[in-house]
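A short worksheet on the structure shown next.
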Amino acid sequence: MRHAIDQWLDQTKPGRTYRSSFHTTSETSLRAVKWNGGKGTSTESSSAIQTATPPKQTADANRQDFAIENRFACKDAATPPKRETPRSRLSGLLQRVRFFSGNDIEFTSIADSMDTCEPGQLLVYRLGEDCPVELISKALARGAAGILTEQVLPAPIPQAIVGDTTKALTEIRSKQTDRPDQKLITIGIVGSAGKTITSFLTASVLRDIPCRVAYQTGLGSSDSVLTEAGSSLANHGHALIDALSDAVDAGAAVSITELDSARLRSGSYDQIQFDIVLVTGRDAKNNDFGPSAVECAFELAAENGVLIVPAADSRLMRAANAVTETQPVELLTYGTDTNADVSIRTVSREDGVLTAMLRHESRAAVMESHLGNGHFAECLAAAAAVGVVTENSLPQIAESLSKLRELPGRFQSITTGDWETDQTNPSARLDVGGSAERVQFALEAARDDLNETQAVSVPMTPSPHAKTSSRSRRPQLWCVLAVSSADDEETLMQYGRLLETLPDHCVLTCAPADKADFLAISHKVLDGVQNVAAMRLVADPQRAIQWAHGEAGNQDLVLVVGGMDRSNPDRERHSIDEFSQTLIRCAENRHQAAALASETPSLKVVGFPEGLPAEKNITESDACVSDTPEDNDPPNLKLFDGT
């Protein structure tokens, strides 16, 4: 792997060969020069930097330049002829295809939709999504070259019949761009939890080689030059092929992709080979008899590729060993506080900082991490394993891993930025959730944080009017869990078991789009709960957060899990910001209320006679003393003798 990266570094130096998704070209160094065009305008262009040339060659070059200038001066200013759009034959791009109303289809490009179709484009009929009558009429009216479909349509237009249009589009784009996955090192990350964090940690390690790294994650994407949180996910199908092609054109050496489990099982990644397959979390079991998502990812490993799996998961280890027996791939294990090829030994975790020892074979390096208050040791070990595969030194890997301190919505600590305000409020954590394993991890991490918090002690000289208790109050965990209609019944039942066992108080809410189905969803959660009355149901997530934050004590911890819109990176970031601002407003309002309550009470006296101020503020001691001496005498007490 490191040899491939070093080869990329040599190719990207000035004067060397650079790679593109269209061809490979050798370029010399360039410099900017100016010359006068035929109209007398000054034009800037570039020319190759060459060594000193003999006088004869220089004179010949001057005569050629003079002839070119005269030709431009005499030539009329006419627009250049329009280039013809290259056409592709569908039979040369698809292996399994049958044609109807013709033997082949020549097209210029693939139309985005039937409304934007242009003459010569290939139109795609998506079964169950598009209206066939409307699609046929618009294809004929707009001059489409043909239709890519899964079934024959009653229309006099060339049609290509395939088994799956999504797979066919991926295959078409892969061959049109000349297999961009084979022009860089591809890393696929699959698992039930920790994919996004591991992706960014791996990118941090590889950037310090140094080399350009592209990635496609749930929080955003990058082609190694531009980073964006777009309105669409490009982590599967032909969109991923286009993203890899853009990364190759941008000069990336490595591409990191989060693999969706459902897409893996449906074959959306069959046109891509991964040099490294990294497994995070656990291999979730399936209800059917088909292969799991991790097993599908193992099948996509390239020749001489590497499988990186957690050593603690025996089921994954058996699956990986079976693959190594049939395919020419290597196996590398990782783990925390266990025997693995790459391991992290925890030294301490205090004040949200993890101090650990990174080990590989006989080498070791000390590292620190602030990510997730020090709870992401498993993800750190997985990213360190990628660094070992690329032959980075352990001290460099440890330094690279320490650079990433926080990720939005990944057990994120929410603070107001004001120390006094944070001291008068409970601690707050925010996690996007998404699976029972993610929820369990967030609850256990929050419980560990509470165990480090000292119990609230009773004052040595309490106020005579204050309520005292013989016991010290233990910090408590408040969990606000937002469920979704996308969760299956088994996952919802697991949520109920977790909410009943791990937190001290739980509030069940839902995503804003699922309020109409909240009661039906909550009943499925209560199926896994014994004490149903211990759970509070609040449909509005904002009000649920406000109630839990208002009831929690200063030493407690409020954990908000789920409820974010994760349809695309842009919406996910906006949802995380909205929940964060809700927690911050709750903390600020609580601090202001506490400040007002701590002020010294005063009595306002009005209605004084003339010559005196209209109003006067007097303290409690002044209000107990009267101006007349007889009023200050002790009161006369009379005993009731019963007569």
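The values are calculated or read from the model by the stated rules, or taken from the named source; none is laboratory data. Because the structure is a prediction, the values reported are computed rather than measured. Cβ atoms come from the backbone with ideal geometry, glycine included; neighbour counts cover every protein chain shown. Protein only, heavy atoms only, side chains kept; ligands, DNA and RNA dropped before computing areas. Shrake-Rupley method; radii C 1.70, N 1.55, O 1.52, S 1.80 Å.
Probe of 1.4 angstrom, ligands and nucleic acids ignored: what's the accessible area per residue over the stretch 133-225, in square angstrom?
Numbers: 2970 Å² over 93 residues.
Accessible area per residue, the stretch 133-225: 32 Å².
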Q | Å² of accessible area per residue within the stretch 327-434, as computed with a 1.4 Å probe and no ligands counted | A | 42
Q: Could you please state how large a percent of the accessible area of the stretch 486-545 is carbon and sulfur, counting protein chains only and using a 1.4 Å probe?
A: 49
Q. So what's the net charge close to PHE107: Lys and Arg +1, Asp and Glu -1, counting the other residues with Cβ under 9 Å from its Cβ?
A. +1
Q. Which of the peptides 414-423, 356-365 is most tightly packed, and how do the rest follow, judged by the mean count of other Cβ atoms within 10 Å per residue?
A. 356-365, 414-423
Q) Based on the Cα coordinates of the stretch 550-601, what is the per residue volume of their convex hull in Å³? A) 75
Q. At GLN151 and GLU490, where each label point lies 7 Å from the Cα along Cα→Cβ, what is the point-to-point distance in nanometres?
A. 3.1
Q: For the stretch 222-337, evaluate the Debye formula with one uniform point scatterer on each Cα (no solvent term) and list log10 I(q)/I(0) at q = 0.14, 0.15, 0.17, 0.18 Å⁻¹, rounded to two decimals.
A: -0.65, -0.73, -0.91, -1.00
Q: Could you tally the net charge around GLU368, taking each other residue with its Cβ under 15 Å from the Cβ of GLU368, Lys/Arg +1 and Asp/Glu -1?
A: 0
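Can you check what the net charge comes to around GLU330, using other residues whose Cβ is under 12 Å from the Cβ of GLU330 (Lys, Arg +1; Asp, Glu -1)?
The answer is -3.
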Q: May I have the extent of the alpha carbons of the stretch 322-377 along their three principal axes, as whole Å values ordered from largest to smallest?
A: 47, 24, 14
**Q.** Average accessible surface area per residue within the stretch 505-599, 1.4 Å rolling probe, Å²
**A.** 50
Q. What part of the accessible area of the stretch 156-296, given as a whole %, is carbon or sulfur when the probe is 1.4 angstrom?
A. 46
Q | the stretch 104-163: radius of gyration and largest Cα-Cα distance (Dmax), Å | A | 10.0, 27
Q.
If I model a spin label as a point 7 Å beyond the Cα along the Cα-Cβ vector, how far apart are those points for ARG585 and GLU134 in nm?
A. 3.8
Q) In the stretch 340-440, carbon and sulfur make up what percent of the accessible area (probe 1.4 Å)? A) 43
Q) Which whole-Hz ³J(HN,Hα) couplings does the stretch 490-504 yield from phi under the Karplus relation 6.51 cos²θ - 1.76 cosθ + 1.60, θ = phi - 60°, glycine and proline marked x? A) 5, 5, 5, 5, 5, 4, x, 5, 5, 5, 7, 9, 8, x, 7
